[in-house]
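Before any comments, here is the structure.
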Amino acid sequence: MSMVIRGGTIVTADLTYKSDILVEDGKIAAIGDNLTGDKVIDADGCYVMPGGIDPHTHMEMPFMGTYSEDDFESGTKAAVAGGTTMVVDFCLPAPNQSLLEALQAWDNKSSKAVCDYSFHMAVTWWSEQVFDEMKVVVEEKGINTFKHFMAYKGALMVDDDEMFASFSRCSELGAMPLVHAENGDVVATLQQKLLAEGNNGPEAHAYSRPVDVEGEACNRAIMIADMANVPLYIVHVSCEPAHEAIRRARQNGKRVFGEPLIQHLVLDDSEYKNTDWDHAARRVMSPPFRSKEHQDGLWNGLASGSLQVVATDHCAFTTEQKRMGVGDFTKIPNGTGGLEDRMPLLWSRGVNTGRLTMNEFVAVTSTNIAKILNVYPRKGAILVGADADLVVWDPKVSKTITAKHQQSAIDYNVFEGIEVTGLPRYTISRGRIAAEEGVVVAKCGDGEFVRRDAYPAVNKALSKWKELTSPRKVERKGIPAGV
Ligand code: URP
Ligand code: ZN
Ligand code: ZN
Ligand code: ZN
């Protein structure tokens, strides 16, 4: 069955123009005027954009003594309700667990997804086995990104030597490392100090993770990536010291990418001063929300191109789960939701205010990450032959965000009460309507795994340290006797 999206204005990362789109067999078959098909989708007064890609989610993830509440079904329903048609989730092996065994568990969980998905593999420990399995992950399993946690000491954190080894392996395999950049040793020490001083409430979470802790780790990860001659993607960039590190690296020709979250762009650290324990604890995530000046820096980075992607780090916990940390903020599960609200919020706070153009909106919600993850132009593009992952966006419709009408399985929404203008009329996933005016019609199992192959072109970081990675021995004549 074919479908025509009629009467809309196509908005891509480069162009804005009026045209119809013909969809056949899940792909874009034609772009032009007066196209006909079996079904007609009315896009009058709407923008037609590539479906959003959220490269940072945690569905049903074992973490901090519990599991994140949204699974691949409720999580991807939240995605399509908000205009996102692909998510990339983190496969998280426990320390000492085989990467391939963990991947099997993620494969099983993800069979419920209602839209397309892919995985990043986390490297949470280091051994010859991990070294060997990384090759299988890239070449057989179609995963070209490896995540490293520089925080969560005693759980997921890896040391610099492990990172260097893993980054070097990524370089050999044509893969890219990702980092959660916070100095985990300093965080752990600050946490103990704060607790010893009687600071056990959720506000102490923010005090235990100051901006320089993030900035230092960013600089360190960039240095290690440079030594290993590999590009680097830094997740949830929340503050100026981190942004500054990325900006400087890029200016020096290093291929470093930065991903702010919609939460950090919209919410600030005053949330932790709220006298309601639940309110503050529900917003505990790492890195924590920052002050307005850091927020402004992130917006500037998106507009100027020093930051490339807006994600959510969707990792939703119920109030009940957050209460595991009553009396000890270090036990509050870290994470917030945002998948359903990412695009409407970014449109409202970005495009509607003039901070971002519509084309920049498409770039940072879809096209840039499709390129970075090597799935462009299958995803992130409106081109003949691309997957028909599209969002028909009505810029005039408003709503007030509330947990009462959300897809996520948790009992609150950190954006509760915020009004947004600009919402999907239709979300289309590989040619099928997945959501219509906020009502999700996609079914569990509709989503497919998207392979992401090794990307040799992105693997050419301009390292100062090439000599170090392939040292040349100096041949000398006239060697003195005894040397
Ligand atoms: O607080 C967060 N961000 N939770 C999810 C895990 C992570 O660090 O990305
Ligand atoms: Zn993280
Ligand atoms: Zn995360
Ligand atoms: Zn189901």
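Evaluate the stretch 245-253: report whether one residue or more is away from ligand 2 (no atom under 15 Å from the Cβ), at pLDDT below 95 and assigned to a loop (DSSP other than H, G, I, E, B). Checking the stretch 245-253: at least one residue is away from ligand 2 (no atom under 15 Å from the Cβ), at pLDDT below 95 and assigned to a loop (DSSP other than H, G, I, E, B). Pairs meeting the criteria (first residue in the stretch 1-15 and over 9 Å from residue 40 (Cα atoms), second residue polar (S, T, N, Q) and outside any loop (DSSP other than H, G, I, E, B), beta carbons under 6 Å, at least 6 apart or on different chains) are 13/359; 13/367. On the basis of being within 16 Å of ligand 3 (Cβ to nearest atom), within 28 Å of residue 444 (Cβ to Cβ) and open to solvent by 10 Å² or more (accessible area, probe 1.4 Å), does residue 152 make the cut? Judged against the criteria, residue 152 is not a match. How many residues, within the stretch 281-297, are more than 16 Å from ligand 2 (Cβ to nearest atom) and closer than 13 Å to residue 261 by Cβ? Qualifying residue count, the stretch 281-297: 2. Run down 184, 174, 198 and say which single residue is on the phi > 0 side of the Ramachandran plot and within 24 Å of the chain's Cα centre (by Cα). 174 is the lone residue from the list that is on the phi > 0 side of the Ramachandran plot and within 24 Å of the chain's Cα centre (by Cα). In the stretch 430-447, of all residues being closer than 20 Å to residue 110 by Cβ and away from ligand 4 (no atom under 16 Å from the Cβ), the one that is surrounded by the most Cβ atoms within 10 Å (Cβ to Cβ) corresponds to 430.
A search for C-beta distances below 8 Å between a residue of the stretch 323-335 that is of a type in the set (Gly, Ala, Ser) and any residue that is assigned to a loop (DSSP other than H, G, I, E, B) and more than 13 Å from ligand 1 (Cβ to nearest atom), counting only pairs 6+ apart in sequence or on different chains, returns 327/200.
For the stretch 204-236, which positions are under 22 Å from residue 333 (Cβ atoms) and crowded, with 19+ Cβ neighbours inside 10 Å? Residues satisfying the conditions are 204, 205, 206, 208, 209, 210, 213, 214, 217, 235, 236. Scanning the stretch 420-455 for residues that are among the acidic types (Asp, Glu) and on the phi > 0 side of the Ramachandran plot turns up just one, 437. Set side by side, the residues 345, 356 differ, and just one is over 30 Å from residue 175 (Cα atoms), of a type in the set (A, V, I, L, M) and in a helix (DSSP H, G or I), which is 345. In the stretch 68-108, the qualifying residues are those that are over 19 Å from the mean Cα position of the chain (by Cα) and under 23 Å from residue 334 (Cα atoms), and the one that is farthest from ligand 3 (Cβ to nearest atom) is 96.
Of all the criteria given as (1) without any contact (Cβ under 8 Å) to a residue 60 or more places away in the chain; (2) more than 16 Å from ligand 2 (Cβ to nearest atom); (3) crowded, with 22+ Cβ neighbours inside 10 Å, the one not satisfied by residue 123 is (2). Taking first residues from the stretch 54-80 that are at pLDDT 95 or above and partners that are among the charged types (D, E, K, R) and within 10 Å of ligand 3 (Cβ to nearest atom), the Cβ contacts under 6 Å between residues at least 6 apart in sequence or on separate chains come to 56/313; 57/89; 59/89. Scan the stretch 414-432 and tell me whether some residue there is among the β-branched types (Val, Ile, Thr), within 19 Å of residue 54 (Cα to Cα), within 16 Å of ligand 1 (Cβ to nearest atom) and at pLDDT 95 or above. Looking through the stretch 414-432, at least one residue is among the β-branched types (Val, Ile, Thr), within 19 Å of residue 54 (Cα to Cα), within 16 Å of ligand 1 (Cβ to nearest atom) and at pLDDT 95 or above. Condition check: more than 16 Å from ligand 4 (Cβ to nearest atom) and surrounded by fewer than 23 Cβ atoms within 10 Å (Cβ to Cβ). Does residue 179 satisfy that? Spelling it out, it is not the case that residue 179 is more than 16 Å from ligand 4 (Cβ to nearest atom) and surrounded by fewer than 23 Cβ atoms within 10 Å (Cβ to Cβ).
Of the residues making up the stretch 253-270, those that are in contact (Cβ under 8 Å) with a residue 40 or more places away in the chain, over 18 Å from residue 58 (Cβ atoms) and not small (Gly, Ala, Ser) are 254, 255, 257, 265, 266, 267, 269. Of all residues in the stretch 113-128, those satisfying the criterion of being more than 20 Å from residue 175 (Cβ to Cβ) and not in a strand (DSSP E or B) are 113, 114, 115. Taking first residues from the stretch 150-168 that are farther than 24 Å from residue 209 by Cα and partners that are open to solvent by 40 Å² or more (accessible area, probe 1.4 Å) and not hydroxyl-bearing (Ser, Thr, Tyr), the Cβ contacts under 6 Å between residues at least 6 apart in sequence or on separate chains come to 165/126. When each of 29, 43, 94 is tested for being modelled with pLDDT under 95 and touching a strand residue (DSSP E or B) at 6+ places or on another chain (Cβ under 8 Å), the lone residue that passes is 94. Just one of the listed residues (385, 338) is part of a loop (DSSP other than H, G, I, E, B), among the small types (Gly, Ala, Ser), touching a residue at least 24 places away in the same chain (Cβ under 8 Å) and open to solvent by less than 10 Å² (accessible area, probe 1.4 Å), and it is 338.
Considering only residues of the stretch 109-133 that are among the aliphatic types (A, V, I, L, M) and within 16 Å of ligand 3 (Cβ to nearest atom), which is farthest from residue 155 (Cα to Cα)? Checked the stretch 109-133; the qualifying residue farthest from residue 155 (Cα to Cα) is 121.
The values are calculated or read from the model by the stated rules, or taken from the named source; none is laboratory data. Everything numeric here is computed off the predicted structure, so don't read it as measured data. Every residue, glycine as well, gets a Cβ built from its backbone with ideal geometry; the counts of neighbours run over all protein chains shown. Ligands, DNA and RNA are stripped out before the accessible areas are found, and what is left, the full protein with its side chains, is counted by its heavy atoms. Shrake-Rupley method; radii C 1.70, N 1.55, O 1.52, S 1.80 Å.
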